[in-house]
Amino acid sequence: MTGQANPQAARVVLEQVSKRFGQTLAVDQVSLAIEPGELVTLLGPSGCGKTTTLRMVAGLETVGGGRIFIGDAEVTHLPPNARDVTMVFQSYALFPHLSVFENVAYGLRVLKRSEAEVQQAVRNVLALVGMPGLEGRSPSALSGGQQQRVAVARALVMQPKVLLFDEPLSNLDAKLRKRMREEIRLLQQRLGITAIYVTHDQAEALAISDRIVVMDRGRTSQIGSPLELYKAPANRFVAEFIGEANFLPAQLESVADGWAGIRIGPQRLRVQSRPLAVGPVTVLARPEAIRIQTGGEGLAGTIQKVSYLGSSADYTVETDLGSVLVTDYAMPGGVLSAGTAVRLEFLPHGVVPLSGP
Amino acid sequence: MRREASPNVSRLTPHDLRCDVTAVRNPACLVGGLGLLLTTAAVPFIAREGQAFGLGRAHLRLTALALADQFPGFWLLAALAVAWVAAGLLQEERPHGPALWGGVAGCLLVVWLTWMAGVKPYAFGPGAVLALAICLVVLASGLSRGAGLRPALFVDTLRNYKAFWRVLGNSLGLAVFVGVISTLIGLAFALAATRSRSRITVLLRSFSLLPLITPPFVVGLAIILLFGLQGFITSTLLGLKTRGIFGFPGLALAQTLSFAPVAFLVIASVVESVNPALEEASLTLRAGPWETFRKVTLPLLRPGLANAFLLTIIESLADFGNPIVLGGEFEVLSTEIYFSIIGRFDQTLAASLGIVLLAFSLATFLLQQCWLGERSYVTVTGKPPSGKPMPLPRGLEIGLLSFCAAWCVFTLALYLFVIYGGFVEIWGINNAFTLRHYRQLLRDGMDALNTTLILAGISSPLTAAVGILLAYLVVRHQFPGRGALEFTSMLSFAVPGTVIGIGYIMAFNQSPFLLTGTATILVISFVFRNMPVGIRSGIAALAQIDRALEEASVTLRASFATTIRRIVLPLIRPAIISALVFSFVRSVTAISAVVFLVSAKWQLSTKVILDQAENGRYGLATSYSTVLIVIMALAIALMYLLVGKRAAAGGLEGGGLA
């Protein structure tokens, strides 16, 4: 969270918000509180209700149940133009018949600001997003990245209480996507503006967010900081969605004071854990927290497949507990070849017991 | 108007209307009006999800906001309700079927729309307009007064009408014959225009515009000038004195000339959308061009052919202009309906025949919509398919091109004869050059021409507005009954003009809708006849505009009205212009419905041409037609100028940037 206080930034609260389309429950009692100046990402696969939730905050979808607050005011039933919220659309939605300048000026003109004020504000915001000098262009004459900046400028110029992003980077190529997400994050922190960001790309979510809301079939699966979600996923869905994951059967032998003693194959280790019942469990083991070596202790297996990725190597290892994915960044012994007999050692920081066998 | 002599029609003069609050005799208007008033009043209390608002202060503030901003149709609706109630209070007649049903249907609609507005608030404005539209259409079912709701009367009327089976046979036989021939010619033109490497394809394209700018009797008149008793070919060249062209041969020829371009348009769009990769695949699989054409291309065109065939049948059944001048002893339904009213003063017979004609047209329309609607092999991806379409086999191409060229020359000759016909004394008897007809036209015909242009000028913006609003509703909003709405709005295309005509004179012959003989009813008839034109161009244009553009505008604080004004309207300007021009052109050339609705005071050009042609005064009829053709051509040229410029400036291809 940013320390800069922005008087415009507002708290956003969703209270058990629901939405039904025909027979399907698109959003099911989502509750969420977003602090002023915070960037919260709604993350999930397509159809999980993240975009619908965002559109309800914008007022573009009617709210089926529950309440939404922006600042101190309830906005649940307010039309979009009566909320102090702007949005950056997936398709950018730049008005094709207006120039870049007029696109950005559109909202100010609707509010009937003076011409001098409009000129000043538009030039400032275009400079802010790094787009000076292109005011007269038509949107169709811009590259994808430039269109994206104009769309952001058009939303920012209104100085909204909340800024919404609906998968804003999905139409850009991978390199540009990475750069734009850094710029968006920088801008958001500099202005100290409250933002809600929707994406299905977990890397984007991890890179940009103060907190992430993982959604699954209309419900919130887990809410937490990127680190929390990665280190302590609440369930298998979150673990699978964020980062790579192995799920292995294990035995929970003892639980005390937030620590658990578990046994995976032949290996015994102590890991941080939520209170769970002693007995068989499933554990999450991150591929980069497994040490692979040709000798020594650990779970025995045989390498089935090797993918060399430059900075790391991915091994698929066949073991008694099933197939295990291992990512080796250190590659102390060079790259191993398929068919090699290996031992796998699980490192405690990358192992999380999940409930149930 | 002669039909005023009809004993069945009771008309009220303004003197009969007096304000008598105590003696409200027409519950229909009152119930309808009160219903409207109640639902109007209920709007504020129906929340967006259909549950009632509470009455708290916040809700009231919200309501005012929503009304001012989101329900532009609200005030219109309120005004309508008040007018309706006032009409009910002023009314002194006994209950009137169509008005009653109109009122009930109107109220149901308003309830439905209001509920819908709860789900999608901004649908309400167009919705209110729609409610008006459908109320009027229901009222137009004045047919039911004639015979529709009394089956025994309907059957008896037709039984007493000896010629019924012959007339029905004539209509259907002609329609099927013309359907088959027009479809074949349309196919020939479509293949030649889209698949030929030759330059004359541009000419073939403009051929498709001809029927649009052709006043209804031009083809018929031209055929009479060429093949009639004094015809250039029959009499001057061959020395025959025959009336043989009157009846089936002339009618079939005239209708084929008129409707083959329609078939061409339908088939050409299907030919163009065939993915060239399919033909390329066939060619790489060792099939030759002929085999590919027979086994791949033609089967892919089958739905298009069937579509063209059914559309031509609908057009042929509804055609009024050609049979009235060329029919002779060969009676068809549309002209018999006309003569029942104008000659026999028999409204019941007219209504009964109208119902029969309507049944066949609607059946064909339903077949076309339901059966063919699903049967398209064309995949719409929005991406232009890559690859060039396969050229036609050489022999086929030469054959098609020669045929099309010959047909075009023939068509062109017909038009030249019509223009020429306006400059000779008496066709075939005294061929001396004269300007007599044009002088007479300037003297006697200008009133009707002025009336036509003024009424078409009033109705075309209305048509475009209603059509595009409905298109907006259909494209932008998912709501229960959306499909039905789209279907209903297209239906008026399938209803033959003559049926609409008698429906209108019956429905609007009684207070409070005493409209026969007024300009209002002509405008109403133009608007509802041409609405599908506006809807179609609106749907095509709106479907291309990313919905996020409007959402972006709304999140930038713009109201619904501002969004429409500053985003939607500028983006669909080409569609608006083409809807304006086409509805204007169609209004000017309309005849079948308005022939029943004109009066001495509000006379239209097409009716004047009809009167002249019926009396054999071809000189005046053709000169008048020439003037109309010129006006139509100018209107179309103007449209191309306006739309073309817009397209050059960036057009719609940037629309949405998605």
- prompt: From the set of residues in the stretch B:336-354 that are in contact with a helix residue (DSSP H, G or I) (Cβ under 7 Å, 6 or more places away or on another chain) and surrounded by fewer than 22 Cβ atoms within 10 Å (Cβ to Cβ), which is nearest to B:Q255 (Cα to Cα)?
  reply: B:I342
message: Out of the helices (runs of 4 or more DSSP H) lying entirely within the stretch A:196-305, which hold 2 or more residues that are small (G, A, S), outside the structural domain of A:T327 (by TED's automatic domain parsing) and surrounded by fewer than 18 Cβ atoms within 10 Å (Cβ to Cβ)?
response: A:202-208
- prompt: Residues in the stretch B:484-525 that are of a type in the set (S, T, N, Q) and modelled with pLDDT of 75 or more: how many?
  reply: 4
message: If the requirement is being closer than 26 Å to A:H200 by Cα, among the basic types (K, R) and either surrounded by fewer than 22 Cβ atoms within 10 Å (Cβ to Cβ) or free of Cβ contacts under 8 Å to residues at least 24 places away in the same chain (or both), which of these qualifies: A:K178, A:K112?
response: A:K178
- prompt: Filter the stretch B:546-565 for residues that are at pLDDT 85 or above and of a type in the set (A, V, I, L, M, F, W, C); which is surrounded by the fewest Cβ atoms within 10 Å (Cβ to Cβ)?
  reply: B:A548
query: Take the residues of the stretch B:528-541 that are in contact (Cβ under 8 Å) with a residue 60 or more places away in the chain, among the aliphatic types (A, V, I, L, M) and more than 14 Å from chain A (Cβ to nearest Cβ): which is surrounded by the fewest Cβ atoms within 10 Å (Cβ to Cβ)?
result: B:I539
- request: Output the number of residues of the stretch B:270-299 satisfying the condition of being surrounded by 15 or more Cβ atoms within 10 Å (Cβ to Cβ) and of a type in the set (G, A, S).
  value: 3
task: Please go through the stretch A:106-132 and pick out each residue that is within 30 Å of A:F69 (Cβ to Cβ) and within 14 Å of chain B (Cβ to nearest Cβ).
output: A:Y106, A:G107, A:L108, A:R109, A:V110, A:L111, A:K112, A:R113, A:A121, A:V125
- line: Note on the stretch B:549-601: residues of a type in the set (D, E, K, R) and away from every other protein chain (no Cβ under 14 Å) are B:R586, B:K601
task: Report yes if some residue within the stretch A:88-102 is assigned to a helix (DSSP H, G or I), out of contact with any Cys (no Cβ under 9 Å at 6 or more places or on another chain) and within 13 Å of chain B (Cβ to nearest Cβ); otherwise report no.
output: yes
- prompt: Can we say A:V122 is of a type in the set (A, V, I, L, M), crowded, with 22+ Cβ neighbours inside 10 Å, at pLDDT 90 or above and in contact with a helix residue (DSSP H, G or I) (Cβ under 8 Å, 6 or more places away or on another chain)?
  reply: yes
task: Could you look through the stretch A:73-87, keep only residues that are part of a strand (DSSP E or B) and more than 25 Å from the chain's Cα centre (by Cα), and pick out the one that is farthest from the other protein chains (Cβ to nearest Cβ)?
output: A:A73
message: Quick test for you: out of B:T563, B:T626, pick the one residue that is touching an Asp or Glu at 6+ places or on another chain (Cβ under 6 Å) and either more than 30 Å from A:V85 (Cβ to Cβ) or without any contact (Cβ under 8 Å) to a residue 60 or more places away in the chain (or both).
response: B:T563
message: Please go through (1) at the interface with chain B (Cβ under 8 Å from one of its Cβ atoms); (2) within 23 Å of A:V198 (Cα to Cα) for A:I70 and return the number of the only condition it doesn't satisfy.
response: (1)
- request: Search the stretch A:181-195 for residues that are assigned to a helix (DSSP H, G or I) and pair each with any residue that is among the small types (G, A, S) when their beta-carbon atoms are under 6 Å apart and the residues are at least 6 apart or on different chains.
  value: A:R181/A:A207; A:Q188/A:A195
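Please enumerate the residues belonging to the stretch B:542-558 that are of a type in the set (V, I, T) and in contact (Cβ under 8 Å) with a residue 60 or more places away in the chain.
B:I545
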query: Which of (1) under 20 Å from B:A268 (Cβ atoms); (2) at pLDDT 80 or above is the odd one out, the single condition B:V380 does not satisfy?
result: (2)
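Quick one: would you say A:A26 is outside any loop (DSSP other than H, G, I, E, B), away from chain B (no Cβ under 12 Å), small (G, A, S) and buried (at least 19 other Cβ atoms within 10 Å of the Cβ)? Break it down stepwise before answering.
Details: outside any loop (DSSP other than H, G, I, E, B): yes; away from chain B (no Cβ under 12 Å): yes; small (G, A, S): yes; buried (at least 19 other Cβ atoms within 10 Å of the Cβ): yes.
Taking the combined requirement at face value, the residue satisfies it.
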- request: Among the residues of the stretch A:33-53, write down those that are surrounded by fewer than 22 Cβ atoms within 10 Å (Cβ to Cβ) and either assigned to a loop (DSSP other than H, G, I, E, B) or touching a Leu at 6+ places or on another chain (Cβ under 7 Å) (or both).
  value: A:E35, A:P36, A:E38, A:P45, A:S46, A:G47
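Listed residues B:L317, B:L311; which is in contact with a Leu (Cβ under 8 Å, 6 or more places away or on another chain), modelled with pLDDT of 85 or more and either assigned by TED's automatic domain parsing to the domain that holds B:A260 or farther than 30 Å from B:S592 by Cβ (or both)?
Numbers: B:L311 fails: in contact with a Leu (Cβ under 8 Å, 6 or more places away or on another chain).
Of B:L317, B:L311, the one residue that is in contact with a Leu (Cβ under 8 Å, 6 or more places away or on another chain), modelled with pLDDT of 85 or more and either assigned by TED's automatic domain parsing to the domain that holds B:A260 or farther than 30 Å from B:S592 by Cβ (or both) is B:L317.
The values are calculated or read from the model by the stated rules, or taken from the named source; none is laboratory data. From a predicted model like this one, the values you see are computed outputs, not experimental measurements. Positions of Cβ are generated from backbone atoms using ideal geometry, with glycine treated the same way; all protein chains shown enter the neighbour counts.
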